[in-house]
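Student: Right, I'll just put the structure down here and ask away after.
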Amino acid sequence: MTTLVAGRPLAPTRRVGPVTGLRHTLTLAWRSLVQIKHNPMELLDLSIQPVMFVLLFTYVFGGAISGSPGDYLTFALPGIIVQNAFFATMTTGFGLNTDLTKGVFDRLRSLPIARWAPLAGRILADTVKQAWSVTLLVGVGLILGFRLENGLPGLVGAFALLLAFSLAASWISVLVGVLVNEPEKVQIFGFTVIFPLTFTSNAFVPTDTMPGWLQAWVAVNPVTVLADALRGLLIGGSVAGPVVRSLIWGAVIAAIFAPLALRAFKRRV
């Protein structure tokens, strides 16, 4: 049946199977990745900023906090990876809002593709970008002297946990990207929320150096929990407890924000 949206006829709709929908998702994810060729600044944002944080924190704060840059790098690199992961999730909302405001979704909706494919493709592409950013951070850390005490299994586990948590957290970005009317507002939300969240954690400094009233929040902060899990996986220490708590945090975030984001997305498109 042909329908009208805002006075424009759309192509006849038809049911799309899961396999076909997955193929559509992969195609649209590839579209998002190929766009980097035309907007190389996006790749620079995913590359230069994380490296800059590693270098600045290691060599500016390392001696004051841990006594030497090398010791501080061992402590802080997992936290920097977590902070970068949280900021990287905002690119999902930014790109989604850009596609919505520029009419890309209107054009996609007129095609016989799965309705969920454009959103799933965007999230999948940003997950690939996230993996690139983490790889870069670990590589720079190794060059600066960071050592993977748990070897390849720990590194693979850290990657899997971080990407799973990022996938869950991206629903917050999706919700913001759908609700606001300008891509820049997604960035404003990221700086307003993520900066305080990451700096009131043990990502950069040990919890016991903070005031007692702040330590209670730091202990349950999802950034702290995920940073502790990555430290355990990469350099040794407690693993099971932080990993389980990280997965619980991710599940809670997804359970709350995924339905809200999908409802808002359906209303807007």
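The values are calculated or read from the model by the stated rules, or taken from the named source; none is laboratory data. Computed from a predicted model, the values in this text were never measured in an experiment. When we count neighbours, we look across all protein chains shown, and the Cβ atoms used for this are built from the backbone with ideal geometry, even at glycine. Side chains are part of the model used for accessible areas, which takes the heavy atoms of the whole protein and leaves out ligands, DNA and RNA. Shrake-Rupley method; radii C 1.70, N 1.55, O 1.52, S 1.80 Å.
Student: Residues Thr20, Thr91, Thr27: which one is out of contact with any helix residue (DSSP H, G or I) (no Cβ under 8 Å at 6 or more places or on another chain) and either closer than 16 Å to Leu144 by Cα or not basic (Lys, Arg) (or both)?
Tutor: Thr20
Student: Hey, can you tell me all the residues within the range 87-102 that are under 14 Å from Asp45 (Cβ atoms) and among the hydrophobic types (A, V, I, L, M, F, W, C)?
Tutor: Residues satisfying the conditions are Phe87, Ala88, Met90, Phe94.
Student: Is it the case that some residue within the range 227-234 is surrounded by 13 or more Cβ atoms within 10 Å (Cβ to Cβ), of a type outside the set (Ser, Thr, Tyr) and more than 30 Å from Gly151 (Cβ to Cβ)?
Tutor: Scanning the range 227-234, I find no residue that is surrounded by 13 or more Cβ atoms within 10 Å (Cβ to Cβ), of a type outside the set (Ser, Thr, Tyr) and more than 30 Å from Gly151 (Cβ to Cβ), so the answer is no.
Residue-by-condition table, conditions (1) open to solvent by 60 Å² or more (accessible area, probe 1.4 Å); (2) in contact with a helix residue (DSSP H, G or I) (Cβ under 8 Å, 6 or more places away or on another chain); (3) in a helix (DSSP H, G or I):
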site	(1), (2), (3)
Pro153	yes, no, yes
Gly157	no, yes, yes
Ala164	no, yes, yes
Ile172	no, yes, yes
Gly177	no, yes, yes
Gln187	yes, yes, yes
Phe191	yes, no, yes
Phe195	yes, no, yes
Ser201	no, yes, no
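Student: Pairs under 6 Å by beta carbon, first residue without any contact (Cβ under 8 Å) to a residue 24 or more places away in the chain and under 15 Å from Val225 (Cβ atoms) in the range 193-210, partner part of a helix (DSSP H, G or I) and open to solvent by less than 20 Å² (accessible area, probe 1.4 Å), six or more apart or different chains?
Tutor: Pairs that qualify, where the first residue is without any contact (Cβ under 8 Å) to a residue 24 or more places away in the chain and under 15 Å from Val225 (Cβ atoms) and the partner is part of a helix (DSSP H, G or I) and open to solvent by less than 20 Å² (accessible area, probe 1.4 Å), are Thr207/Val218.
Student: Among the residues in the range 223-231, are any touching a Gly at 6+ places or on another chain (Cβ under 8 Å), assigned to a helix (DSSP H, G or I) and small (Gly, Ala, Ser)?
Tutor: Yes: the range 223-231 contains one or more residues that are touching a Gly at 6+ places or on another chain (Cβ under 8 Å), assigned to a helix (DSSP H, G or I) and small (Gly, Ala, Ser).
Student: Report yes if Ala114 is open to solvent by less than 30 Å² (accessible area, probe 1.4 Å), under 16 Å from Leu26 (Cα atoms), small (Gly, Ala, Ser) and in a helix (DSSP H, G or I), otherwise no.
Tutor: In short, no.
Student: Go over the candidates Gly67, Gly63, Gly79 one by one and state the one that is farther than 22 Å from Val176 by Cα, buried (at least 18 other Cβ atoms within 10 Å of the Cβ) and not hydrophobic (A, V, I, L, M, F, W, C).
Tutor: After applying the criteria, what remains is Gly79.
Student: While we're here: How many residues, within the range 241-258, are at pLDDT below 95 and open to solvent by 70 Å² or more (accessible area, probe 1.4 Å)?
Tutor: Adding up the residues that qualify gives 0.
Student: Can I ask one more? Looking at the range 126-139, which of the residues that are surrounded by fewer than 17 Cβ atoms within 10 Å (Cβ to Cβ) and modelled with pLDDT of 90 or more is farthest from Phe75 (Cα to Cα)?
Tutor: By that ranking, first place goes to Thr135.
Student: What do you reckon, is Pro222 under 22 Å from Ser170 (Cα atoms), open to solvent by less than 40 Å² (accessible area, probe 1.4 Å) and out of contact with any Cys (no Cβ under 6 Å at 6 or more places or on another chain)?
Tutor: yes
Student: Here is a follow-up. I'd like the full set of residues that are more than 23 Å from the chain's Cα centre (by Cα), over 30 Å from Ala203 (Cβ atoms) and touching a residue at least 12 places away in the same chain (Cβ under 8 Å), limited to the range 66-114.
Tutor: Asp106, Leu108, Arg109, Ser110, Leu111, Pro112, Ile113, Ala114
Student: Check the range 165-182 and report whether any residue there is farther than 29 Å from Asn97 by Cβ and not acidic (Asp, Glu).
Tutor: Within the range 165-182, not a single residue is farther than 29 Å from Asn97 by Cβ and not acidic (Asp, Glu).
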